Amino acid sequence: MPIYALGERQPTIHPDAFVHPDAVLIGDVRIGALASIWPGAVLRGDEGHIIVGERTSIQDNSVLHTTPWWPTVVGDDCVVGHLVHLEGCTIESGCLVGNGSIVMHRVVVHTGAIVGAGAVVLNDTVVPHGALAVGAPAVIKEGRADSALIAGAVAAYVHRARTYPEQLRRID
């Protein structure tokens, strides 16, 4: 897997995490235990740091970037779907960010919230605990997140993070 230091900035990956060989990590990127980073994902901590919490999945072709002023932080037990762009935002623990969504600078997605597929969450938006953010630009729907959906998706990706290192093999 391509893992790059950039000057003094260097990724740190917990030994129990799974980073797919086709993911790219650059600079100050910190990956927690049982987290998983999937094919085509790019995590570029060149101007600040990126944190991916324990049991969190960053799925295929997602892009996590940061700014010199705002890190990108994803808490524990989160699911970041395919083709997601996170930049300079905070996703608290127990959240789901749906496929194809964009979450921008200084956004805070509070615990138990969901950003729906394709949503665009603009700068400085706050998604409350248990809310659903949908649309472009995102509209907040209080109390509409499904915690069972989040927990099920987290469990599925923790299972994959445990089985892929044993079962994945390249066959050219």
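Read-outs throughout are calculated quantities, based only on the coordinates presented, and are distinct from any laboratory measurement. Because the structure is a prediction, the values reported are computed rather than measured. In this analysis, Cβ positions are derived from the backbone assuming ideal geometry, glycine residues included, and neighbour counts consider all displayed protein chains.
Quick notes on this structure:
- Relative contact order %, region 18-172, counting alpha carbon pairs below 8 Å whose residues are six or more apart: 15
- Helix axis angle, 147-167 relative to the chain longest principal axis, alpha carbon, degrees: 10
- Less than 5 angstrom separates the built amide H of H49 from those of T72, all sequence-distant by 5 or more or on a different chain.
- Using a simple spin-label model with pseudo-atoms 7 Å out from Cα toward Cβ, A151 and H49 lie 3.1 nm apart.
- Annotation: the antiparallel percentage among DSSP beta bridges lying fully within the chain is about 10.
- Principal axis analysis of the Cα atoms in region 3-167 yields extents of 39, 36, 20 Å, listed in decreasing size.
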